[in-house]
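> Got a structure for you, written out below as structure tokens; questions coming shortly.
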Amino acid sequence: MSEDARGDGTVGKALDVLDQVAGHGRPVRFADLLRESPFPKATLYRLLQTLTSQGMLQFDPDTGAYSLGVRLVRLAHAAWQTTSLAPIARPSLDRLSAQVGETVHLAQLDNGQVLYVDKRNATVPVEMYSTAGKVGPAYCTGVGKAMLAFLPTERAEEALKRQAFHRFTGKTLTTPEALRVELAAIRARGFAFDDEEHEPGIICIAMPILSEGGHVLGALSVTSTTARRSLADLATLAPVLRETTARIAADVRSWRFPDTMSPPLSRTG
């Protein structure tokens, strides 16, 4: 990819470099970044220098490695307070967790993927992929499908293009066509299931959190295991999930949460 191939300017390139450093999950040297980077050596070096001088990255002269900077912590905290559902939804998640005794997830969409923003463990905790702050696939998770199903067609198609369609289990939907059929069924009934599509033995029911205008704000799920529950069991939780998502949406309105996720979309089911 050429330096100008993306067409989104210096800011876009700098954000790509931040994502690259963050993706390593540890300090990373210039040579390793260059090996993976679409940018020429001089461009990558310039971007790293700018990001370091602005406090977005830190450079350790002893190891020659870059890591995320402390300025990002302040920005992340501000973003968490102003654009994350987590602080607003906390009381509702606590109440739901006490009611159902199972794992509860709160998620939002991030570039077509699922960002888990909060979680409550089951009374008897179950080991699974999700943790708050972690990014997961949308096409094979309950919360992801619940959000995708209620996006307007154009936004949904953009999100579908970002899906990897990797087969995690024998039940994973691996084509856009299969996922579109599933999303239509979700719109009709108003909630989604994860039927061991991401992790063997893990199932869930999920419902979108929609604003008064029908914008997708996030999604909420109750997750269990096939050893403890069936999908039919989880389906009985739809009324309490619907009540909880409506409460969160009302709390969002009172907090004047930004309602800019997508054009209005009516909800059925």
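The values are calculated or read from the model by the stated rules, or taken from the named source; none is laboratory data. Remember, predicted model here, so these are calculated numbers, not experimental data. A quick note on method: Cβ atoms are made from the backbone with ideal geometry, for glycine too, and the neighbour counts reach across all protein chains shown.
> Could you check, for the stretch 108-124, whether at least one of its residues is in contact with a Lys or Arg (Cβ under 6 Å, 6 or more places away or on another chain), outside the structural domain of residue 32 (by TED's automatic domain parsing), surrounded by fewer than 20 Cβ atoms within 10 Å (Cβ to Cβ) and in contact (Cβ under 8 Å) with a residue 40 or more places away in the chain? If you could, list the steps in order and put the result at the bottom.
Taking the stretch 108-124 first, the residues in contact with a Lys or Arg (Cβ under 6 Å, 6 or more places away or on another chain) are 112, 116.
The next check asks that each one be outside the structural domain of residue 32 (by TED's automatic domain parsing); those that pass are 112, 116.
Okay, now just the ones that are also surrounded by fewer than 20 Cβ atoms within 10 Å (Cβ to Cβ), so none.
Scanning the stretch 108-124 turns up no residue that is in contact with a Lys or Arg (Cβ under 6 Å, 6 or more places away or on another chain), outside the structural domain of residue 32 (by TED's automatic domain parsing), surrounded by fewer than 20 Cβ atoms within 10 Å (Cβ to Cβ) and in contact (Cβ under 8 Å) with a residue 40 or more places away in the chain.
> Hey, another quick one. Does residue 19 satisfy the condition of being in a helix (DSSP H, G or I) and under 22 Å from residue 111 (Cα atoms)?
On the way: in a helix (DSSP H, G or I): yes; under 22 Å from residue 111 (Cα atoms): yes.
Taking the combined requirement at face value, the residue satisfies it.
> Another question about this same structure. Considering every residue within the stretch 196-213, establish whether at least one is free of Cβ contacts under 8 Å to residues at least 24 places away in the same chain, surrounded by fewer than 20 Cβ atoms within 10 Å (Cβ to Cβ), in the same structural domain as residue 127 (by TED's automatic domain parsing) and not hydrophobic (A, V, I, L, M, F, W, C).
Step one: of the stretch 196-213, the residues free of Cβ contacts under 8 Å to residues at least 24 places away in the same chain are none.
The answer is no, given that none of the residues of the stretch 196-213 is free of Cβ contacts under 8 Å to residues at least 24 places away in the same chain, surrounded by fewer than 20 Cβ atoms within 10 Å (Cβ to Cβ), in the same structural domain as residue 127 (by TED's automatic domain parsing) and not hydrophobic (A, V, I, L, M, F, W, C).
> Follow-up. Pairs needed: first member in the stretch 159-183, farther than 14 Å from residue 145 by Cα and β-branched (Val, Ile, Thr); second member anywhere, modelled with pLDDT of 95 or more and surrounded by fewer than 14 Cβ atoms within 10 Å (Cβ to Cβ); C-beta distance under 6 Å; at least 6 residues apart or different chains.
Taking only residues 6 or more apart or on different chains, the pairs are 169/200.
> While we're looking at this one, here's another question. Taking the stated definitions as given, is residue 143 touching a Leu at 6+ places or on another chain (Cβ under 9 Å), loosely packed, with under 13 Cβ neighbours inside 10 Å, modelled with pLDDT of 95 or more and of a type in the set (A, V, I, L, M)?
On the way: touching a Leu at 6+ places or on another chain (Cβ under 9 Å): yes; loosely packed, with under 13 Cβ neighbours inside 10 Å: no; modelled with pLDDT of 95 or more: yes; of a type in the set (A, V, I, L, M): yes.
Criteria not met by residue 143.
> Of all residues in the stretch 124-140 being at pLDDT 90 or above and more than 8 Å from the chain's Cα centre (by Cα), which is farthest from residue 205 (Cα to Cα)?
139
> In the set 226, 172, 236, which member is modelled with pLDDT of 95 or more and surrounded by 14 or more Cβ atoms within 10 Å (Cβ to Cβ)? So that I can check it myself, show each step before the final result.
Numbers: 226 fails: surrounded by 14 or more Cβ atoms within 10 Å (Cβ to Cβ); 236 fails: surrounded by 14 or more Cβ atoms within 10 Å (Cβ to Cβ).
Criteria check complete, one pass: 172.
> What number of residues within the stretch 201-243 satisfy the criterion of being part of a strand (DSSP E or B), farther than 17 Å from residue 119 by Cβ and in contact with a Leu (Cβ under 7 Å, 6 or more places away or on another chain)?
Step one: filter the stretch 201-243 for residues part of a strand (DSSP E or B), giving 202-210, 216-225.
Checking the rest, the ones that are also farther than 17 Å from residue 119 by Cβ come to 208, 210, 216-217.
Still in the running and in contact with a Leu (Cβ under 7 Å, 6 or more places away or on another chain): 210, 216-217.
Residues in the stretch 201-243 being part of a strand (DSSP E or B), farther than 17 Å from residue 119 by Cβ and in contact with a Leu (Cβ under 7 Å, 6 or more places away or on another chain): 3 in total.
> Also, I was wondering about something else. How many residues are among the hydrophobic types (A, V, I, L, M, F, W, C), within 30 Å of residue 226 (Cβ to Cβ) and at pLDDT below 95 when one looks only at the stretch 64-108?
First, pick out the residues of the stretch 64-108 that are among the hydrophobic types (A, V, I, L, M, F, W, C): 65, 68, 70, 72-73, 75-76, 78-80, 85-86, 88-89, 93, 96, 98, 100, 104, 106-107.
Among the residues that remain, those that are also within 30 Å of residue 226 (Cβ to Cβ) are: 85-86, 89, 93, 96, 98, 100, 104, 106-107.
Restricting the remaining residues to those that are at pLDDT below 95 gives 85-86, 89.
Within the stretch 64-108, residues that are among the hydrophobic types (A, V, I, L, M, F, W, C), within 30 Å of residue 226 (Cβ to Cβ) and at pLDDT below 95 number 3.
> Quick check: anything in the stretch 170-192 of a type outside the set (Val, Ile, Thr), part of a strand (DSSP E or B) and in the same structural domain as residue 241 (by TED's automatic domain parsing)? Show your work before the answer.
Step one: list which residues in the stretch 170-192 are of a type outside the set (Val, Ile, Thr), which gives 170-171, 173, 176-180, 182-185, 187-192.
Next, only the ones that are part of a strand (DSSP E or B) stay: 192.
After this cut, where a residue has to be in the same structural domain as residue 241 (by TED's automatic domain parsing) as well, the list is 192.
For the stretch 170-192, residues of a type outside the set (Val, Ile, Thr), part of a strand (DSSP E or B) and in the same structural domain as residue 241 (by TED's automatic domain parsing): present.
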